[in-house]
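Enquirer: Can you keep this structure in mind? I'll have questions shortly.
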Amino acid sequence: MKNRLVMGPLFTQSSHENGELSDKDMAFYRERIKDVSMVIVGPAYIEEGGKTMDGQLGIHRDYVARKLH
């Protein structure tokens with residue numbers, strides 16, 4: 001690790017309707033990974049009916065979660 005800084009989870013409220021990361025999400029995280037060693041993403045739902053907020057990240061399907069790698 002380049003340092004001991006960790007970015008805590010933040011809710012960006014900008015994921016797509018299906019839970020997939022948006023370009024806005026990606027830009028947000030790319031900007032922050034320059035200064036920290038680890039990023040903890042905000043709240044994510046793990047099953048289809050688990051979404052609680054608009055713009056929430058979903059990891060309920062492999063095709064949606066793939067962008068997190």
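The values are calculated or read from the model by the stated rules, or taken from the named source; none is laboratory data. Source: prediction; values computed, not measured. As a convention, Cβ positions derive from the backbone with ideal geometry for all residues, glycine included, and neighbour counts pool all protein chains shown. Each accessible area value is taken on the protein alone, full model and side chains, heavy atoms only, with ligands, DNA and RNA left out. Shrake-Rupley method; radii C 1.70, N 1.55, O 1.52, S 1.80 Å.
Enquirer: Give the peptides 26-32, 57-63 in descending order of average Cβ contacts within 10 Å, highest first.
Expert: With the highest mean Cβ count within 10 Å placed first, the list reads 57-63, 26-32.
Enquirer: Just the number, please: carbon plus sulfur as a percent of the accessible area of the chain, 1.4 Å probe, no ligands or DNA/RNA counted.
Expert: The value for the chain is 53 percent carbon and sulfur by accessible area.
Enquirer: Any idea of the accessible area per residue across the range 14-69, 1.4 Å probe, to the nearest Å²?
Expert: Normalised by residue count, the accessible surface of the range 14-69 is 66 Å².
Enquirer: Taking R0 as 22 Å, what's the FRET efficiency between Phe28 and Asn3 from their Cβ-Cβ distance, rounded to 0.05?
Expert: With R0 = 22 Å, the Cβ-Cβ based efficiency is 0.65.
Enquirer: In sequence order, what are the phi-derived ³J(HN,Hα) couplings for the range 46-52 according to the Karplus relation 6.51 cos²θ - 1.76 cosθ + 1.60 with θ = phi - 60°, rounded to whole Hz, with x for glycine and proline?
Expert: So the J values, rounded to whole Hz, are 10, 9, 3, x, x, 5, 10.
Enquirer: In whole percent, what relative contact order does the chain give with Cα contacts below 8 Å and a gap of six or more residues?
Expert: The value is 39 percent.
Enquirer: Pick out, from Leu5, Leu21, Tyr63, the residue whose Cα sits farthest towards the positive end of the charge dipole of the chain, with +1 on the Cβ of Lys and Arg and -1 on the Cβ of Asp and Glu.
Expert: Farthest towards the positive end: Leu5.
Enquirer: Let me ask another. Looking at [x] -0.36; [y] -0.50; [z] -0.42, which value of log10 I(q)/I(0) by the Debye sum over Cα atoms at q = 0.13 Å⁻¹ comes from a calculation on the structure shown?
Expert: Evaluating log10 I(q)/I(0) by the Debye sum over Cα atoms at q = 0.13 Å⁻¹ on these atoms matches [x].
Enquirer: Just to confirm the number: angle between the C-alpha axis of helix 23-32 and the first principal axis of the chain, 0 to 90 degrees, nearest 10?
Expert: 20
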